[in-house]
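Everything below concerns the one structure shown next.
The values are calculated or read from the model by the stated rules, or taken from the named source; none is laboratory data. Please read these numbers as outputs of a predicted model, since none were measured by experiment. Cβ coordinates were reconstructed from backbone atoms using ideal geometry, including for glycine residues, and neighbour counts include every protein chain displayed.
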Amino acid sequence: MKICVMQPYFLPYLGYWQLLNYVDKFIIFDDVNYIKKGYINRNKMLLKNGLYQFTLSIDGASQNKKICELKLLGDHEKILKTISQGYKDALNFETIYPFMEDIFSFRSPCLVDFIEHSIKKICDLLSIKVEILKSSKIILNESGANKIIPLCKLHSANVYVNPVGGMELYKKDDFLAHNIDLRFIKLIPLEYDQLNTPFHPNLSIVDFLFNVPKANWGRHLEGYEII
């Protein structure tokens with residue numbers, strides 16, 4: 001059983017989806033504190049005039065609140081309009097824009113519910129088969145990063161997978177002590193035709209979905225190495 005535990009990110013880059021595609025179970029880590037200026041409620045896409053950061057507005061956003069406690073203001077129409085204007089000439093506009101409308105039409109005041117819905121929709125679109133749970137619904141004595149190994153043990157996971165950026169945070173020996181194999185996943189750099197040049201890597205999955213031929217999605221989902 002391969003498992004990953006990640007904070008919920010809003011329309012994250014391709015590497016996030018590669019991780020979900022690699023594991024059997026994904027636990028949304030939503031009972032930890034919100035991080036301002038991170039990618040929980042914002043991301044970037046490439047428009048004809050350059051990079052553009054889009055943000056889900058949060059009511060009373062604070063790093064003293066847990067992610068699962070955050071409420072949306074519900075003003076999503078501006079983001080959807082920007083996507084429409086920015087990607088109207090993209091290869092897959094006719095199919096992906098209605099898909100984006102479906103994502104943004106989901107009505108819930110809860111940030112995590114909104115992001116979870118988008119994650120499940122994109123997993124379906126990319127044919128990613130993974131079980132999705134929320135850490136806030138799992139009662140354990142531990143909290144924060146100390147909750148990772150207990151979550152693995154609770155779900156009988158023998159492999160824990162984290163993006164390569166976590167190599168400084170997690171140590172293989174700590175997991176081996178509990179008979180868990182710690183692995184890191186690293187995106188192999190790729191380029192594809194964008195609406196602007198030069199190429200900008202690691203943008204929101206929005207850019208990938210609009211610009212990359214559907215026939216190539218599966219190949220790019222497998223474009224990683226395990227460390």
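When residues in segment 1-49 are screened for being part of a loop (DSSP other than H, G, I, E, B) and of a type in the set (A, V, I, L, M), 6 of them pass. Note on segment 139-173: residues that are in contact with a strand residue (DSSP E or B) (Cβ under 9 Å, 6 or more places away or on another chain), within 16 Å of LYS186 (Cβ to Cβ) and not β-branched (Val, Ile, Thr) amount to 9. Residues of segment 17-53 that are closer than 23 Å to PRO198 by Cα and in contact with a strand residue (DSSP E or B) (Cβ under 7 Å, 6 or more places away or on another chain): ARG42, ASN43, LYS44, MET45, LEU51, TYR52, GLN53.
Here is a check on your reading of the model: is SER156 surrounded by fewer than 17 Cβ atoms within 10 Å (Cβ to Cβ) and either of a type in the set (Asp, Glu) or at positive phi (or both)?
The answer is yes for SER156.
Residue check, LYS153 against (1) more than 18 Å from LEU19 (Cβ to Cβ); (2) under 20 Å from the mean Cα position of the chain (by Cα); (3) assigned to a helix (DSSP H, G or I), all met but one. Which one? LYS153 satisfies every listed condition except (2). The single condition among (1) closer than 30 Å to GLN194 by Cα; (2) under 18 Å from the mean Cα position of the chain (by Cα); (3) not aromatic (Phe, Trp, Tyr) that SER136 does not satisfy is (1).
For every residue, the table says whether it meets (1) modelled with pLDDT under 95; (2) closer than 25 Å to GLU225 by Cα.
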site: VAL130; (1), (2): no, yes
site: LEU140; (1), (2): yes, no
site: GLY144; (1), (2): yes, no
site: LEU151; (1), (2): no, yes
site: ASN158; (1), (2): no, yes
site: VAL161; (1), (2): no, yes
site: MET167; (1), (2): yes, yes
site: HIS178; (1), (2): no, yes
site: ASP181; (1), (2): no, yes
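One residue stands out in segment 4-58 among those that are aliphatic (A, V, I, L, M) and within 14 Å of PRO163 (Cβ to Cβ): the one that is surrounded by the fewest Cβ atoms within 10 Å (Cβ to Cβ), namely MET6. Helices (runs of 4 or more DSSP H) fully within segment 76-145 that include at least 2 residues being acidic (Asp, Glu) and loosely packed, with under 14 Cβ neighbours inside 10 Å: 93-104.
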